[in-house]
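Chemist: One structure, pasted below without further comment.
The values are calculated or read from the model by the stated rules, or taken from the named source; none is laboratory data. Note that the coordinates shown come from a computational prediction; the quantities given were computed from them, not determined experimentally. A quick note on method: Cβ atoms are made from the backbone with ideal geometry, for glycine too, and the neighbour counts reach across all protein chains shown.
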Amino acid sequence: MSVQPSSSNKPADPAVEAELDRLAVMPIAQLRVRYWEMFRADPPKAFGPDLLRRSIAYRVQEKAYGGLSRSAQRLLDQMMKAYAAKPNGKIVLPRRIRPGSVLVREWKGKSHRVVVLADGFAYDGKTYTNLSEIAGLITGTRHGHEIRYARTRLGTDLSRAAAAGEIIRQDH
């Protein structure tokens, strides 16, 4: 159940590792007590052993290695504010790459350029709301398991390029 700290350079703490190992075999009654000790509140009645372990493990690691980065916390706060304003509406995440950026990916020997717009993406003279639509056009796929795989793979590649800032030009 242990997770290596990823956002810091701290090595894994043996005490944290030992506690996580104990959680894996702890009976539910002890998990409920440990939850109360960590959160100073009774666990939700719907939490079974798995969610109790996960919640406690997260808190143990958070205390040892630090919590979310400020930018991640800010993003979650924005999402919760958007959800509170429209509980049944779609939550739109803020774009992390600026409009005017160009994403470039190769598919079957051909280079494809996608321009990031303020309200979507431009590809081949048309505007699309998401990268998956463009991936479907590039791969020429419309249905089926293998088709979904190809579309997802290219869409994921384009999304990763955007998230990683792999751009050839940024106008701003």
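Chemist: Taking residue 164 as meeting all but one of (1) on the phi < 0 side of the Ramachandran plot; (2) modelled with pLDDT of 55 or more; (3) not acidic (Asp, Glu), write down the number of the exception.
Modeler: (2)
Chemist: Let me confirm something: among 24, 12, 29, which residue is modelled with pLDDT of 95 or more and hydrophobic (A, V, I, L, M, F, W, C)?
Modeler: 29
Chemist: Identify the residue in region 7-18 that is touching a helix residue (DSSP H, G or I) at 6+ places or on another chain (Cβ under 9 Å) and outside any loop (DSSP other than H, G, I, E, B) and, among all such residues, is farthest from residue 66 (Cα to Cα).
Modeler: Of everything passing the filter in region 7-18, 15 is farthest from residue 66 (Cα to Cα).
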